[in-house]
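What follows is one structure encoded as structure tokens, with my remarks underneath.
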Amino acid sequence: MDTNLTSEKSSLYKFLSLYIFLTIIIFLLASTMYYKFEKEVMLYSKLPKLQEYSKDVIRRIRAMHNSLLEDNYYPRYSNFKSAIYDADYVKIFSLLRNEKIDFQNYLYKRDRYIYFIKEPSLYYLGAKYVVIEVLDDEKWLTRVYKNILIYGGIFIVFMAIIGYFLGKQFLRPMKESFMLLNNFIKDTTHELNTPVSTILTNIETIDKESLPAKLQKKIERIEIAARTISVIYKDLAYLLLQDKIPSTIEKIDMNELIGQRVDYFKTMAEAKKIKISFSKSPCFLQADKQKISRLVDNILSNAIKYNKIGGTIKIKTFKNGFYIEDSGIGIEQSKIDEIFERYRRLSSSEGGFGIGLNIVLAIAKEFNLQIKVDSKINQYTRISILWQE
Amino acid sequence: MARVIVILLFAFLCNAQDFQKECMACHQRKGIDLKKIYFDYLLEYSSKRATIKAMQEYLLSPDPSKQLYIDAKPYKHKVDKKSLDKLLEIYWNRYTVIGKIR
């Protein structure tokens, strides 16, 4: 249930992130286009005045030229600056603040200045280009930024709201499928409990000693299968209902609990001729018995599952913890951290969903228990559960 | 190094003297204003490169259709291309507007 809702939320966030990213791209493009448009409008609005200025300069340099430069005083104006360049872009005379001229554009803005380049019909004083430079007060720019901020902000918020509702609409079928599947698993799990319990209860009432050896073996196989289903049922029930089951904290005698769980798995261990040794020291834990039972069951069932035929399981309890060590296939050192991930199965030789150790981790976290894994390939795996006094 | 500078200076002074002797004196005699010609060419060709090129072409093979200064008849100057290049350089520097505007 929780997993499905998490993945639904994650999908929604991913969709929203992509949607907002695209919205921002559109916003940036639109802002750039708007800025360029406003800049063009501003430049063309200045054009008549710039042309007038250039005419003044040309009139003056024509007089200078006609005097054969006897009159050599270049015109100066308070509201603009100017310069003259020859056909090879060589400066003849300049009063400009910035002399880096872009001769490819006849009207443009650079930094805080507007430039206009006029070509006179005759090259007075050799001037092919008359450059006019005026200071831009940039009032238009402040207006543009303000508009971009206000309308852009409204646009982004509007698009985010639309995106959120769109995302919800798109994800609704997925959510419904999840809910359906979830309910199905819940119902199925619930329905499994009664028949499995019935099978196990009835097997326990059979006096196996009085049965012929062949039948005894068959009954044992049924018992193992039923116990395996029972463990899976309990794991699934824990996964589905873990948030809803309140923990009842009590003082657990771990020797007693582990002893009971060893008895429970005895038939399964015997089927693989696994010898279980249990070294007991006083060991108590304050926790929920049902949940700790799940923790022990999962470690124990793994120790049986991944053990070799005729192998051993060593269980030892001590003051602040216990360990369960098998003589099985072992785990690569680099993969030890991965074994607690949900649905992670490092070996496909045995059945299972890969949820057992994830449940162990969840329970350990809930009760502040430390998990320590030591392993050597093809030799052993020891899982220790430790806690503070 | 000093010798090179002396040689260059000498060559320049020789060319300047040639310009004074050959060009200025003749134009003064004929009453054809060199400054006026310079400004007429500048008005038409703008840059140093284009102006000198146009002057050179005209002086080596005068074409009435390309004549800018109309107060004089086309006249083929008796000067080789190499000397003309140097003389035109002196001519340009003498009348250039660059650095004279204030």
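Looking at residue A:49, is it part of a helix (DSSP H, G or I) and within 30 Å of residue A:163 (Cβ to Cβ)?
Working: part of a helix (DSSP H, G or I): yes; within 30 Å of residue A:163 (Cβ to Cβ): no.
No: the conditions fail for residue A:49.
Kindly indicate the residue of segment A:88-103 that is charged (D, E, K, R) and open to solvent by 60 Å² or more (accessible area, probe 1.4 Å) and also modelled with the lowest pLDDT among those meeting that condition.
Among those that are charged (D, E, K, R) and open to solvent by 60 Å² or more (accessible area, probe 1.4 Å), it is A:99.
Could you tell me which residue of segment B:45-83 is most open to solvent (accessible area, probe 1.4 Å), considering only residues that are part of a helix (DSSP H, G or I) and among the small types (Gly, Ala, Ser)?
Top of the filtered list is B:65.
If you take the residues of segment A:104-116 that are in contact (Cβ under 8 Å) with a residue 12 or more places away in the chain and either in a loop (DSSP other than H, G, I, E, B) or within 14 Å of chain B (Cβ to nearest Cβ) (or both), which of them is least open to solvent (accessible area, probe 1.4 Å)?
A:105
If you check B:35, B:100, B:86, which single one turns out to be part of a helix (DSSP H, G or I), facing chain A (nearest Cβ under 9 Å) and either open to solvent by 40 Å² or more (accessible area, probe 1.4 Å) or of a type outside the set (A, V, I, L, M, F, W, C) (or both)?
B:35
Somewhere in segment A:58-77, is a residue out of contact with any Ser or Thr (no Cβ under 9 Å at 6 or more places or on another chain), in the same structural domain as residue A:33 (by TED's automatic domain parsing) and more than 26 Å from residue B:44 (Cβ to Cβ)?
Scanning segment A:58-77, I find at least one residue that is out of contact with any Ser or Thr (no Cβ under 9 Å at 6 or more places or on another chain), in the same structural domain as residue A:33 (by TED's automatic domain parsing) and more than 26 Å from residue B:44 (Cβ to Cβ), so the answer is yes.
Conditions (1) at pLDDT below 85; (2) more than 25 Å from residue A:261 (Cα to Cα); (3) not aliphatic (A, V, I, L, M), marked per residue:
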| site | (1), (2), (3) |
| --- | --- |
| A:178 | yes, yes, yes |
| A:182 | yes, yes, yes |
| A:189 | yes, no, yes |
| A:192 | yes, no, no |
| A:199 | no, no, no |
| A:203 | no, no, no |
| A:208 | yes, no, yes |
| A:218 | no, no, yes |
| A:224 | yes, no, no |
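Could you run through segment A:36-60 and say how many residues are surrounded by 16 or more Cβ atoms within 10 Å (Cβ to Cβ) and among the hydroxyl-bearing types (Ser, Thr, Tyr)?
Total satisfying the criteria: 2.
Being open to solvent by 90 Å² or more (accessible area, probe 1.4 Å) and either hydroxyl-bearing (Ser, Thr, Tyr) or in contact with a Phe, Trp or Tyr (Cβ under 8 Å, 6 or more places away or on another chain) (or both) is the filter; apply it to segment A:143-177 and report the residue that is farthest from residue B:45 (Cα to Cα).
Residue satisfying both the conditions and the ranking: A:170.
If I ask for residues that are touching a residue at least 24 places away in the same chain (Cβ under 8 Å) and over 21 Å from residue B:21 (Cβ atoms), which ones from segment B:53-102 would you list?
Residues satisfying the conditions are B:68, B:69, B:71, B:96, B:97.
Only one of B:75, B:41, B:69 is aromatic (Phe, Trp, Tyr) and modelled with pLDDT of 90 or more; which?
B:41 is the lone residue from the list that is aromatic (Phe, Trp, Tyr) and modelled with pLDDT of 90 or more.
Hand me the list of strands (runs of 3 or more DSSP E) wholly inside segment A:192-288 holding 2 or more residues that are within 22 Å of residue A:355 (Cα to Cα). Please lay out each step first, then the result.
Working: elements: A:249-253, A:275-279, A:284-288.
Passing ranges, in order: A:284-288.
Would you confirm, using the coordinates I've provided, whether residue A:99 is more than 14 Å from every other protein chain (Cβ to nearest Cβ) and not in a helix (DSSP H, G or I)?
It is true that residue A:99 is more than 14 Å from every other protein chain (Cβ to nearest Cβ) and not in a helix (DSSP H, G or I).
Please go through segment A:61-87 and pick out each residue that is open to solvent by 40 Å² or more (accessible area, probe 1.4 Å), more than 11 Å from chain B (Cβ to nearest Cβ) and not in a loop (DSSP other than H, G, I, E, B).
A:63, A:81, listed by residue number.
Tally up the residues in segment A:208-225 that are hydrophobic (A, V, I, L, M, F, W, C) and loosely packed, with under 13 Cβ neighbours inside 10 Å, please.
Total meeting the criteria: 2.
The values are calculated or read from the model by the stated rules, or taken from the named source; none is laboratory data. As the structure is a computational prediction, the values presented were derived from the model and not from experiment. Don't worry about glycine lacking a Cβ; one is built from the backbone with ideal geometry, like all the others, and counts go over all protein chains shown. These accessible areas exclude ligands, DNA and RNA; they are computed on the full protein's heavy atoms, side chains included. Shrake-Rupley method; radii C 1.70, N 1.55, O 1.52, S 1.80 Å.
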